[in-house]
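In what follows, a structure is listed as structure tokens, so that the remarks can point back to it.
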Amino acid sequence: MSARKIVKSIQDIMRKDAGVDGDAQRLSQLCWMFFLKIIDDQDQQLSAAHADYRSPIPKRLQWTAWAKSSDGISGTELLEFINNDLFPTLKEIRPSGKWANRKRVVRAVC
């Protein structure tokens with residue numbers, strides 16, 4: 001399936017969400033979801049290549065912990081998780097150590 005079809009499919013699903021107003025908001029949400037998914041994929045590659053690698057994102061907030069499963073959280077529970085836990089925690093990540101630049105990127109995007 002092409003990237004265009006995947007994005008359109010995601011947008012169609014998001015249009016059904018009463019809590020999202022307009023394509024601009026949907027696009028913003030889609031961007032941070034892609035970002036978190038890409039970071040998660042990169043984390044897996046980096047941990048395989050570097051024994052000392054640790055994701056800048058706490059385990060419970062990593063994409064695979066809350067979004068990967070088809071029976072994951074949704075609706076009000078998902079909104080509360082994102083607004084009250086995910087973003088506030090990621091915005092407070094302290095850039096330090098060998099992978100500080102990666103932490104800075106996560107903090108800046110979220």
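Hey, which of these cross-link pairs are over 26 Å Cα-Cα: Lys59/Lys103; Lys37/Lys91; Lys37/Lys98; Lys5/Lys103; Lys8/Lys37; Lys68/Lys91?
Beyond 26 Å: Lys5/Lys103.
Applied to segment 93-99, the Karplus parametrisation 6.51 cos²θ - 1.76 cosθ + 1.60 on θ = phi - 60° returns per-residue 3J(HN,Hα) values of 4, 8, x, 7, x, 4, 9 Hz, with x for Gly and Pro.
The equivalent ellipsoid of segment 3-109 has semi-axes of 26, 15, 13 Å, largest first, where each one is the square root of 5 times an eigenvalue of the Cα gyration tensor. The mean sequence distance of close C-alpha pairs (under 8 Å, at least 6 residues apart), as a share of the length of segment 3-109, puts its relative contact order at 18 percent. Label-to-label distance for Arg4 and Ala49 is 3.2 nm, based on points extended 7 Å past Cα in the beta-carbon direction. Between Glu77 and Ile38, the modelled label-to-label distance comes to 3.0 nm, taking each label 7 Å out from Cα in the direction of the beta carbon.
Read-outs: derived from the displayed coordinates by stated rules, not from any lab. This one's a predicted model, so the numbers in the text were calculated from it and none came from an experiment. As a convention, Cβ positions derive from the backbone with ideal geometry for all residues, glycine included, and neighbour counts pool all protein chains shown.
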